[in-house]
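Contents: one structure, followed by commentary.
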C-alpha cells in the first residue's frame, strides 16, 4: 500500500466514523485504530488493510460492516462505582430532592435513570444497587433504569450482566453479597452475575448519540453521560447535550465526566457542582 493511498483511506475512514458516531480519530490514533481493524481484516480473510478499506468504501461494504467497525473502534472503559463522588451526589442530593419535589407536586414517586453511554452496564447496575438499597431502607419510590450505547456488543454484554470478580472488586462487600451471584459452574469460574431482581429493573438498547432524535421518554430524572463528550468535536458536543436536555424532566439532572464540565453550555442547564447540571 502506498503511503499516500494509505493516508487517503485512513483519512476517509476517520471522516466517516466522525460523521456516523461523533468520535474523533486524530492522526495520533492511526496506529491504534489500524491495529484494531487488522483483527477484522484477518477474520474476513482479506489480504491487507488496503483491501478491507477498499471493501468498505469502494465495494459498498460499509453498511454491512458498520456495527462491527464501531465495536472495534469505540473505547469501552468503565468500572463499577467509577467516579464515586457522582454516586454520592446522586444519593445524598439528587435523589432526596427528586422525591421531595414529586411528593410536593403529587406526582407518582418514581425515578427514571438513563445511562446514555452504558458500555457493559457497570454504571447502570451501580445505580441500581444504590437505588435498591434506598428502597430497602424505607424510601418509598419505584425506579427504572435505561442503558444505551452505540456498541451492540456492549449492549448485549450489559443485558447478560456477567462480570469478572476483578471487575466487581469496587462494589462494597455488603452490596456484592446482596446483588451479585457467584458462578459455580466450570464455564463461570472467576465470573459472577447481577441478581435477577436488579436485571429486571434495567433495560438496555442500542442508541447512537449522533441521531437527530432519541426514542427515550422526555421525563427522565437523571442522565449520566460520562467520559464520552471528550471524544466529540465541540459542535457535536453541543448538539448531543441539547438533545439530552430535551429528555430531562424540569429540574432533572445531567452528569458528565469530571473533565467535561466545560463542554456543557446549554442555556437551560445550570451547573450545581463539578460535572453536575440541573435543568431549569
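Where a number appears in this text, it was derived from the coordinates with a stated rule and is not lab data. Note that the structure is a prediction, hence the values are computed from the model and not measured. Note: ideal-geometry Cβ built from the backbone for every residue, glycine included; neighbour counts use all protein chains shown.
Look at [x] 66, 50, 38; [y] 67, 53, 28; [z] 98, 46, 33: the one that is Cα extents along the principal axes in Å derived from this structure is [y].
Under the simplified labelling scheme, the residue 105-residue 218 pair shows an inter-label distance of 1.4 nm, with each label point 7 Å from Cα along Cα→Cβ.
On full extension, the segment bounded by residue 40 and residue 162 gains 41.4 nm, given 0.36 nm per residue less the C-alpha separation. From least to most packed, judged by other beta carbons within 10 angstrom and beginning with the fewest, 17, 223 follow the order 17, 223. Once the Cα atoms are used to define both axes, helix 3-21 deviates from the longest principal axis of the chain by about 30 degrees.
When only Cα pairs below 8 angstrom with a gap of at least 6 residues are kept, the range 3-73 shows a relative contact order of 28 percent.
Only helices enter this figure: runs of n ≥ 4 DSSP H residues, each worth -39500 (n - 2.57), summed and divided by the residues of the chain, yield -13000 deg cm²/dmol at 222 nm to the nearest 500. Listed peptides 109-119, 269-279 appear in the order 109-119, 269-279 once ranked by packing, highest mean of other Cβ atoms within 10 Å at the front. Beta bridges assigned by DSSP with both partners in the chain are antiparallel in approximately 40 percent of cases.
With a ≥ b ≥ c taken as the square roots of the eigenvalues of the C-alpha gyration tensor of the range 3-73, please select rounded if a/c is under 1.5 and otherwise prolate if a/b is larger than b/c or oblate if it is not? Rounded is the answer for the range 3-73, as its axis ratio a/c remains below 1.5. Evaluate E = 1/(1 + (r/R0)^6) for residue 79 and residue 57, where r is the Cβ-Cβ distance and R0 equals 41 Å; express this FRET efficiency to the nearest 0.05. It comes out at approximately 0.70. Between the Cα long axis of helix 95-104 and the first principal axis of the chain there is an angle of about 60°, rounded to the nearest 10. When you restrict to C-alpha pairs under 8 Å that are six or more residues apart and normalise by the size of the chain, the relative contact order lands at 16 percent.
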